[in-house]
Amino acid sequence: MGGVADSPFDVVLFDLGGVLIELRGVEPMRLLSGIDNDDELWERWLTCPWVRAFERGDCDATAFAEGIIGDWGLTAEPAAFLDAFRDWPVGPMPGATELVDAVRARLPVGCLSNTNALHTEEHFSRWPIFHAFDHRLLSYELGLLKPDRELFERVAEIVGAPPGRILFLDDNVINVEGATAAGVRAVHTRGVEAATRALVQAGVLG
C-alpha cells in the first residue's frame, strides 16, 4: 500500500489515548500510586509486567487488577479498581474525527494502541472514529506491545510500508523512542491541536 506521490510517508498511525482519545486514568493512578510526575507514572505503567500481560492478551481482567494492586502496593480492592479502570476512556477529543478524516483523504491512516479487550469492547468499538481507520493495530490482538521493537517490525509488515515511511504520533516519550529505534518516524505529541501541527510540519497536511 503506498501513499500519495508527494508525501514522504505511506501511512500515518495515531496512538489513541492522549492523542485522539481523552483518558481519565492519569489522575486516579497518580492519587493511588503517589507518583506526581506524569511521564514517570506512564513509564512505570508501560513497563509494569501486569499491564504488559493484560494488554498482550495474556491474562484476564481480574488477574490484571489483582496483579496491579500487589505490584504497585495499592489499597483498592480488585473489583473497585476494575470498575474505575473500565471507565478510563472518556471519548474522542474535539476535532479528532475531523483530523483522521483529513489525513485519510491523503494517506492510509491507522491507530496503534496498547490497549485491552475491556476498553475496546466497551468504548472504542462504539465510537465512529474507531471505524474510520484503515488499520486498527491493537496490542492485545497482536500479542505485542509498544515500545518493543518487535511490535513496530510487525506493524510495518501489516501496513505494507518500510518503517521509515511510517509516521507515528504518540503521547508517551518511551513509545516514541521505541518507534524511532525501530526506524519509524515518530513524533511525541499530545492532543489534536499538537497532532495537527506535527502533521503539517511533516508535510502530510497543508
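The values are calculated or read from the model by the stated rules, or taken from the named source; none is laboratory data. Computed from a predicted model, the values in this text were never measured in an experiment. Reconstructed Cβ throughout: ideal geometry from the backbone, glycine too, with neighbour counts over all protein chains shown.
Here is how the numbers come out for the structure above:
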| read-out | value |
| --- | --- |
| Which numbered condition SER7 misses (of (1) of a type in the set (Gly, Ala, Ser); (2) more than 22 Å from HIS188 (Cα to Cα); (3) outside any helix (DSSP H, G or I)) | (2) |
| Residue list for the stretch 183-206, filter: assigned to a loop (DSSP other than H, G, I, E, B) and either in contact with a Gly (Cβ under 9 Å, 6 or more places away or on another chain) or buried (at least 21 other Cβ atoms within 10 Å of the Cβ) (or both) | GLY183, VAL184, THR189, ARG190, VAL204 |
| Residue in the stretch 78-90 that is surrounded by 15 or more Cβ atoms within 10 Å (Cβ to Cβ), in a strand (DSSP E or B) and either touching a residue at least 12 places away in the same chain (Cβ under 8 Å) or touching a helix residue (DSSP H, G or I) at 6+ places or on another chain (Cβ under 7 Å) (or both) present | yes |
| Residue among LEU151, LEU112, LEU169, LEU118 that is surrounded by fewer than 21 Cβ atoms within 10 Å (Cβ to Cβ) and outside any loop (DSSP other than H, G, I, E, B) | LEU118 |
| Members of the stretch 4-30 that are closer than 25 Å to HIS131 by Cα, among the aliphatic types (A, V, I, L, M) and at pLDDT 85 or above | VAL11, VAL12, LEU13, LEU16, VAL19, LEU20, ILE21, LEU23 |
| Near pairs, Cβ below 8 angstrom, 6+ apart or cross-chain, from the stretch 18-38 (in contact (Cβ under 8 Å) with a residue 40 or more places away in the chain) to any residue that is among the hydroxyl-bearing types (Ser, Thr, Tyr) and assigned to a loop (DSSP other than H, G, I, E, B) | VAL19/THR189; LEU32/THR75 |
| Residue in the stretch 31-44 that is at pLDDT 95 or above, under 19 Å from the mean Cα position of the chain (by Cα), not aliphatic (A, V, I, L, M) and not assigned by TED's automatic domain parsing to the domain that holds PRO163 present | no |
| Any hit, the stretch 50-58, residues being among the basic types (Lys, Arg) and over 21 Å from THR180 (Cβ atoms) | yes |
